[in-house]
1. Shielding of B:277-284 by partners, i.e. mean partner chain Cβ atoms within 10 Å per residue?
2. How much FRET efficiency would the formula 1/(1 + (r/R0)^6) give for B:Lys122 and B:Glu34, where r is the Cβ-Cβ distance and R0 is 60 Å, rounded to 0.05?
3. Assigning unit charges at the beta carbon (Lys, Arg +1; Asp, Glu -1) and nothing else, what dipole magnitude in debye, to the nearest 20, does chain B show about its Cα centre?
4. Beyond a 19 Å Cα-Cα separation, which of these cross-linked pairs lie in this structure: B:Lys194/B:Lys251; A:Lys115/A:Lys209; A:Lys249/A:Lys271?
5. Within 10 Å of each Cβ of A:138-146, how many other protein chain Cβ atoms are there on average?
6. Using a simple spin-label model with points 7 Å from Cα along the Cα→Cβ vector, what separation in nm is obtained for B:Asp163 and A:Lys30?
7. Can you tell me the orientation of helix B:50-66 relative to chain B, as the angle in degrees between its alpha-carbon axis and the longest Cα principal axis, to the nearest 10?
8. Run the simple label-point estimate for B:Thr70 and A:Asp423 please: 7 Å along Cα→C-beta, distance reported in nm.
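Please treat every number below as a calculation from the coordinates, not as lab data. Because the structure is a prediction, the values reported are computed rather than measured. Please note: Cβ atoms are built from the backbone with ideal geometry, for glycine as well, and neighbour counts cover all protein chains shown.
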Amino acid sequence: MGVFSGLGDKLKHVFSKISNRGKLDEYEIKQAMREIRIALLEADVNYNVVKDFVAKVSERANGEEITKSVTPGQQVIKIVNDELVELMGAKNSKLEVASKPPTVIMMCGLQGAGKTTMCGKLGALLKKQGKKPLLVACDIYRPAAINQLKVVGKNVSVEVFEMGTQNPRKIAEHAVKHAESKGFDTVIIDTAGRLHINDDLMKELEDIKKAVKPTEILLTVDAMTGQDAVTVATTFNNRLDITGVILTKLDGDTRGGAALSIRAVTGKPIKFCGTGEKAGDIEPFYPDRMANRILGMGDIVSLVEKAQEAMDEETMRKMEKRVKDATFTLDDFLIQFESLKKMGGISEVMQMLPGMGRFNLSEKDIDEKRIEKFKAIISSMTKKEREHPEIVKSSRRKRISSGSGTTIQDVNQLLKQFEQTRDLMKKMKNNKGRLPF
Amino acid sequence: MGIFAKIKNALKKTKDAIAYRLNKLFTGGVLNDEFYDELETILLSADIGSETTESILNELKKVIDKKHITDPGRVRDELKAIMRGILDFELPEEEYPLVILVAGVNGVGKTTSIGKLARNYKKAGKSVTIVAADTFRAAAADQLTVWADRAGVRIVRQNEGADAAAVVYDALQSAKSKGTQVTIIDTAGRLHNKVNLMEELKKIDRVIDREFPEAMRLNYIVLDATTGQNALSQVDLFNEAIDIDGIILTKLDGTAKGGVVLAIAGEEEVPVVYIGVGEGIDDLEPFDINDFVNEIVDGD
């Protein structure tokens, strides 16, 4: 399945020969650093960034005491992880606000990075926070770009300012005046995608910047970008002094090493991530999760957090106890389903697991409609039946199926699945007693 | 961030950073472990990926051994020969009627590439229809219509939100009745790990097979040259869904050189067919192996 694969396995191999000597050995560290270097390059972290990074990790690892409870491999991964998190900076998803409104946000980036889509998401986010944003169509080059922004704006009910395909600097200036007179507090300027080496177009951005003095200049970068991310980010930063970065298309299966590269060479914070095609698919940037992702450790932290949000402590503890005592009932089963749904559905949960993003789960395996059916069935049971599913025999099954609008086969299937889950939980009891998600 | 100041300096000549470092390596030094280590790092930082880099290095060592090469200067040509070998595929002769299905992740330049492709066929004297089957992204069909006008070809489109496979179905009926020689289908950008969207693409693929069995089929994936190792995953999963015949590698007019296609050719055995080198309608060129390899290794 590839869970904890890649770097974890390789490091385990490097350190497999040493037992507990209490210290990390120089030769093995050198081997480990080679594996780390390759792993980071494979994750698309820039070569120069990797070199400096590995030097730093190596220095810290040399002679470090090994904590008793972990293996040397885990110890090194922890050092790598810590350094990655540190390098990527703190969580910072706050947009600066101008002392005198409107706050101007200028988007910029290469073609196809996802600027227009992100403008819509930012607009929706600001609106949700009680602001009054205005989107501005300054991409006068790409065919139908203005139309696209208009549709995006309409979908999130945010006004779009456009003046056709005349000079983008003039459009931006007029938009800000329009915002001042009409009481918009935030202006989001969508600019055309451009190559960082196109001097004329980069100059155009400098002109817009000079004219409307944006509080935020956000570079939008595709998370799948390879080694070139550094060149792109450096050039944009040198010419515009960007204030932050937005990483898009993180719902793909990319490791996203570009995030580390960009942060390292620009020193600017990554403020948001785009995680889907819907207007609400925008998230703050979490350095620790990104570190896990780059190292191929999966988004375990996110998963745990989402699980916690979906199920409060108390319910969780109660259920753990029930699992331990093997008194897990159909009611608990239902609670599990509901929390899964709150976590964004099974498919989303699966994608956060290490190694799973790469695998295509067929919809059959994770049919959410079936869960709806199960819910209906359980709701049609009496309290006694839910607590003692073993009493549900043929006549009860018939009643329950007609009561819930399902078939007897559906009821059978539910009972079977419940039994399997309960067995699984009994087995898990010996591990940590955590729920199976 | 002081420690990264030197990177910024190095980047001044980035356009040829890879070639610059290779050049330094090939002029001086001896063929020892350090030489190969540095070569490995350079190849990896050209987005070539670890698996293909390793096989290039193994092959190179074999050749160097066999030919008793001791001068690093002679390694350059051997390296280029190996790269050319990896990229060399025989492309099928095109026949008409031809249906080209164009797919890829979001933002790689599918619509633009289709405009250019349509223009190429039109210039070659073919009758061309392009089909707006991206019914998802806002204003995608409008964008494609502008390209159809520029290329001077017919476009078939329906409303936003229409079923993509149904648009393709209608377009094929009209292509058949009009005797269109080349039909090019634009699809919505989709991330390759989204099961539902990949199913939709499979459906479009099946509709073409069923409705137009007499046509020659070509399925192209569009890749952004800026993309890193994820391109492998993209080709892998798109190939699994609809059998990819070739790659259109876009945005080669930037500073990225698209080294990842070496990894793709090596691991997935999918050839590059066209490259995109600008935003103009004539900026689509047939892939030339020599030029591509020279660009990576020599920087010109």
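1. Working: counts 0, 1, 8, 0, 0, 0, 0, 0.
Per-residue shielding by partner chains comes out at 1.
2. Numbers: r = 54 Å, r/R0 = 0.89.
The formula returns an efficiency of 0.65 here.
3. Numbers: 36 positive and 50 negative charges, 183 e Å.
Rounded to the nearest 20 debye, it is 880 debye.
4. Values: B:Lys194/B:Lys251 25 Å; A:Lys115/A:Lys209 17 Å; A:Lys249/A:Lys271 14 Å.
In this structure, B:Lys194/B:Lys251 exceed 19 Å between Cα atoms.
5. Values: counts 0, 0, 0, 1, 6, 12, 12, 3, 2.
Mean shielding by partner chains, rounded to a whole number: 4.
6. 6.5
7. 50
8. 7.0
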